[in-house]
Amino acid sequence: MNPYLQEYITLTREYHAQDGKPSCVVALYDLADELAMTDDLEAKKVLVDLYEQLALYTSAYRLFTEIIDKPNRKQLKKLTRLQEMSQSHGDRFALPRPLKKEEKKHRQELLQSLPHFIYHPDPIATGAFVEGEAKVCPSCGKESTIYYDLIPYCIDNIENLCPFCIANGLAAKKFDAEFIQDAEWQGEVDPEKNQLLFCQTPGYISWQGEHWLSCCQDYCAYLGTVGTKELKTMGIAEQVLADYEAREEYQEVEDYLFKDGPICGYLFRCLHCQKYQIWVDAD
């Protein structure tokens, strides 16, 4: 057995044995970085499997197409599977790479530089906004190194909106756009809250589109994706899952709910009573 494969097997076993402990995730990503630096064919074969383990399906598919040579039936089956996962999932739902101390500090500084979104308090952590090379915001025409990573709901295909044009409503007005697909509400309609949510709040990455929850006559704050494990760690699994079951949507999700998985939970918290709720979506 080649040393690359041996290390991959060892780290994967540790990851599963320790229930996805952050240090194990870091080790897998560090191995991926190491394998990506070499031209060794055996290393690249292992890297394909490692990318798949991390749910980086587009990365796995692209690399596999580069190294596959005169594929046999088994390889063609794998190629087809990776292609399908690349098209349906891409790299969007990859296992999050835990941040290092200095990265956490930088992210906090980024968050403080953004306008505050009451219904989406940390759009950096949720992936709604990303940092990269400077791009021109199509709304205000100014360059920004932080921009919206989703597409608003409008006629035009608008990309790279800056956070400020979403927060002040300029982008929604200019492009006749909304950022949230759907939301629940009980009672009399509140136009101001609807304006703030649909036109001035960044959406979140999901399988079938956003479905925003409400409580106490207001929309809730979106906190991010969760699975049953995360809910149990927070000590809220029993209450949250029971409340969700009462919605009569997906049933008996506890055993199948995984953060960023094919059945994923989206966590919300009431701005007033602080109660947690989840919405569940599937691929």
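Report the residue count in region 254-279 for those that are among the aliphatic types (A, V, I, L, M) and buried (at least 20 other Cβ atoms within 10 Å of the Cβ).
Of all residues in region 254-279, those among the aliphatic types (A, V, I, L, M) come to 257, 263, 267, 271, 278.
The next check asks that each one be buried (at least 20 other Cβ atoms within 10 Å of the Cβ); those that pass are 257, 267, 278.
So the answer is 3.
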- Message: Pairs needed: first member in region 122-139, without any contact (Cβ under 8 Å) to a residue 12 or more places away in the chain; second member anywhere, surrounded by fewer than 17 Cβ atoms within 10 Å (Cβ to Cβ); C-beta distance under 6 Å; at least 6 residues apart or different chains.
- Response: A134/E143; A134/T145
- Task: Could you please find all residues in region 22-52 being of a type outside the set (A, V, I, L, M, F, W, C) and under 25 Å from the mean Cα position of the chain (by Cα)?
- Result: P22, S23, Y29, D30, D33, E34, D49, Y51, E52
- Task: For K105, work out the one condition from (1) within 29 Å of D19 (Cα to Cα); (2) surrounded by 13 or more Cβ atoms within 10 Å (Cβ to Cβ) it doesn't fulfil.
- Result: (2)
- Message: So I158 ticks every box in (1) within 17 Å of the chain's Cα centre (by Cα); (2) surrounded by 16 or more Cβ atoms within 10 Å (Cβ to Cβ); (3) in a loop (DSSP other than H, G, I, E, B) but one. Which box is left unticked?
- Response: (1)
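Restricting attention to region 89-111, does a residue exist that is farther than 21 Å from T126 by Cα and of a type in the set (A, V, I, L, M, F, W, C)? Steps first, please.
Filtering region 89-111 down to residues farther than 21 Å from T126 by Cα leaves none.
Checked against the condition, which is being farther than 21 Å from T126 by Cα and of a type in the set (A, V, I, L, M, F, W, C), region 89-111 yields no hits at all.
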- The residue that is farthest from Y222 (Cα to Cα), considering only those in region 121-155 that are among the aliphatic types (A, V, I, L, M), under 21 Å from the mean Cα position of the chain (by Cα) and not in a strand (DSSP E or B), is I151
- Task: Kindly indicate which of Q186, Q200 is exposed (fewer than 15 other Cβ atoms within 10 Å of the Cβ), polar (S, T, N, Q) and at negative phi.
- Result: Q186
- Note on the structure: By residue number, the members of region 127-137 that are surrounded by fewer than 18 Cβ atoms within 10 Å (Cβ to Cβ) and of a type outside the set (G, A, S) are V130, E131, E133, K135, V136
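Please indicate, with yes or no, whether at least one residue in region 67-75 is closer than 19 Å to N2 by Cα and either touching a Leu at 6+ places or on another chain (Cβ under 7 Å) or not in a helix (DSSP H, G or I) (or both). I'd like the intermediate steps shown before the answer.
Within region 67-75, the first condition is being closer than 19 Å to N2 by Cα, and the residues that meet it are 67-68.
Cutting the leftovers down to either touching a Leu at 6+ places or on another chain (Cβ under 7 Å) or not in a helix (DSSP H, G or I) (or both) gives us 67-68.
Checked against the condition, which is being closer than 19 Å to N2 by Cα and either touching a Leu at 6+ places or on another chain (Cβ under 7 Å) or not in a helix (DSSP H, G or I) (or both), region 67-75 yields at least one hit.
For region 214-233, what are the residues that are touching a residue at least 12 places away in the same chain (Cβ under 8 Å) and either outside the structural domain of Y266 (by TED's automatic domain parsing) or closer than 29 Å to P22 by Cα (or both)?
C220, A221, Y222, L223, G224, T225, V226, G227, T228, K229, E230, L231
The values are calculated or read from the model by the stated rules, or taken from the named source; none is laboratory data. Predicted, not measured: the structure shown is a model, and the values here were computed from it. Virtual Cβ from ideal backbone geometry, glycine too; neighbours counted across all protein chains shown.
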